[in-house]
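Written below as C-alpha cells is the structure these notes are about.
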Amino acid sequence: MLHHAPLITTIAVGLVAAFILGFLAQKARLSPIVGYLAAGLLIGPYTPGYVGDVDLATQLSEIGVILLMFGVGLHFSFKELLAVRRVAVPGAIAQMTVATALGTGLGFLLGWGTAGSLLFGLALSVASTVVMLRALEERQMLDTRAGHIAIGWLIVEDLAMVIALVVVPVLAGGADVSGGELAGELALTVARVGGFVALMWFVGRRVIPWTLARVADTGSRELFTLGVLAIGLGVAVGAAWLFEVSFALGAFFAGMILRESDLSHRAAEDSLPLRDAFAVLFFVAVGMLVDPSIVWRQPIALLATVAIIVGGKLAVAYALVRALKYSRSMALVVGASLAQIGEFSFILVTLGADLEVLHQDAQDLVLAGAIVSIILNPLLFAWVARFYARREGVPVDDADGPVESHAHGHVIVVGYGRVGGRVAKGLWGAEIPVVVIDDDETRVERIREEGHEAILGNAARAKVLHAAGIESARAVLVGVPDPLNAGAVVAKARELAPEADIVARGHGKRDVTYLETQGASRVLVGVHEIADLMVERAGGPPNEPERT
C-alpha cells in the first residue's frame, strides 16, 4: 500500500520522524533543526530501514523555500531593498568571490581539475534561504537593519545563481564555446530577470492586491487563504517557467507586491502554518541527501569545507560590513546569517553531476558541509547574541544580564522614525520621561549621546520590553509603520502589561481592526486624525474614534 502513495508516505514519515527527533533535540537544549536533519538521515538511502523518496522530499522542500520567501516579501518593500544595496551588492559579490576561490583551491589540492573545482567553490559560496530566514525569524531580527542587509545580500546571491545556472552548462561545453555565445546567454538572462521585475512592478502591483481584495470581500476565510497560496506559488512557478528565474526570487517579489495591500498582515498570518510545515520538510530533505561515510572517508577535506563555509564566509561578511562603517554587532549578525549553505548548493552539485564535471567526493563534501554548517548555525548565532549583549549593552534572548531601564511612570516609544521621533521629542519637551526602543544602532547611539534613554533591539521580544521597563510604564506608543511588525509589538506588550495604555498607528480601517485585535487600546489613522483636527479647528464637536 505504501508503494502506491509515495507522496503521502514521504510527508507522513518525514513529519513524524521530524516531530519526534525535533522534540528530543529541544529537550536536550539543542536546536530542533538538529532533530529535523537527523530525521532525514534516518529515512535516507544511506541508513537501514525505511527509505523515503528523495526526489519527492526535495520538491516538497522547494515549496518551503517558496513560502518562506513569499513571507519575507510580505515584510519587505522595494524601498527597504534599495536602502541596503550599498552593502548588500558589494558584500555578496566579495563574499561569493572569496568563498569560490577558497573552494576552488581546495578542489585543486584534492585533484579534481579546473571545472570541478570551480563548481565546488561556487557551491560553497551561496547561503541557504531557509536556514537564514529561520535563524532571523527565531530571534525576531527579520525587520531589523541587520536583517534587511542579510536579506538584500541573499537576493543578490540568488540573482548571481540564476546567472550561474545559465553559464555553467555553456562553459561545460568546453573549448567550442565562444565569447559571443556566453555574452548572448548572459544578456538573455539579464533581459529575462528585467522583464519579470518590470511585469511585477507595472502589472503585478495593480492586479495582485486588487485580486486579493476582491477575494476578501467574499467573506470566505478558506478562499482567502487559497488565494494567498495561489498567488505565492503561482507567481513563483510562473516566473520560473516564463522568465527562468528561481522559485525563491519569484515568490519574494510576489510577497513584496502583496505588501502594498491592506490585507498583507492577514495574508502573512494565514500562510504561516504552511510555511513552518514545509520548512521542516526542507531540513528533512537535506538530511536524506547526506552520505555519512564521507566523515571517515575524507575527514580533513570535510573540516576544510566547513571552515570555508562557516569561517571564511563569516570573516568576509564581517570585514566588509565593518569597512562600510557598521557596528561590530551588526557585522556579526550579517556574517552569522550567511555562514551556511543550502538549496542552491544542492542544485549546483546536481547540475555538475549531470554534466559529468563534478567528482563524487565533491558532491558528498558539499552535502555534508551543508548539514554541519546548518547544525553549527544556531550555535554561532548564540555566540553572536552573547557578544552583541556584552559589547553593546543590549538585551538579547540568548544572553544573560540585559541592561535594564530604571525609569518609572515613563512612556515607551517604539520606533524612532518620522512619527516616533516627533513623539519622543514632544514628550521630552514636556519633561515626560521616555524610553525609546529602536533597532537602528545609529539612532540609538544618537539618542544616548543626547542624554536620553534608549534600548537597541526588536520591541516584539519580551526581554527588550522588560529592559525598557514595560511593567512600570504609563503608556506604550508604537510608531512602527508596518502593521505586521506593529501588531507583533502590540501583542507582546499587551501580554506583558495587561493594563497598559497601548497606542499604535495604522493606515486604514483594516489596520485598526487588526491592531485592536492584537491588543492596542487605540489605533491612530492619519486621515482620521487630520479630519478630527480640522473639525476641532472649525469649532465642531470631536468625532468618536472610527471603527470598521
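The values are calculated or read from the model by the stated rules, or taken from the named source; none is laboratory data. Please read these numbers as outputs of a predicted model, since none were measured by experiment. Cβ coordinates were reconstructed from backbone atoms using ideal geometry, including for glycine residues, and neighbour counts include every protein chain displayed.
Considering segment 494-509, and only residues there that are in a strand (DSSP E or B) and of a type in the set (Gly, Ala, Ser), the residue that is surrounded by the fewest Cβ atoms within 10 Å (Cβ to Cβ) turns out to be Gly506. The residue that is farthest from the chain's Cα centre (by Cα), among those in segment 172-200 that are among the hydrophobic types (A, V, I, L, M, F, W, C) and modelled with pLDDT of 85 or more, is Ala191. Cβ separations smaller than 6 Å between residues 6+ apart or across chains give the following pairs from segment 264-286 residues that are charged (D, E, K, R) to residues that are buried (at least 21 other Cβ atoms within 10 Å of the Cβ) and modelled with pLDDT of 85 or more: Asp270/Val228; Arg275/Leu67. If you check Gly40, Gly105, Gly116, Gly14 for being at pLDDT below 90, in a helix (DSSP H, G or I) and assigned by TED's automatic domain parsing to the domain that holds Glu260, only one passes: Gly116. Of Ile412, Ile432, Ile437, Ile455, all but one fail to be surrounded by 24 or more Cβ atoms within 10 Å (Cβ to Cβ) and farther than 30 Å from Asp262 by Cβ; the exception is Ile455. Inclusion of Ala239 among residues that are free of Cβ contacts under 8 Å to residues at least 60 places away in the same chain and either surrounded by 24 or more Cβ atoms within 10 Å (Cβ to Cβ) or among the acidic types (Asp, Glu) (or both) is warranted.
When the residues of segment 326-366 are filtered to those that are aliphatic (A, V, I, L, M) and assigned to a loop (DSSP other than H, G, I, E, B), the one that is surrounded by the fewest Cβ atoms within 10 Å (Cβ to Cβ) is Leu355. Set side by side, the residues Gly287, Gly255, Gly219 differ, and just one is at pLDDT below 90 and surrounded by fewer than 20 Cβ atoms within 10 Å (Cβ to Cβ), which is Gly219. For segment 35-62, a residue qualifies if it is among the β-branched types (Val, Ile, Thr) and crowded, with 22+ Cβ neighbours inside 10 Å, and exactly one does: Ile43.
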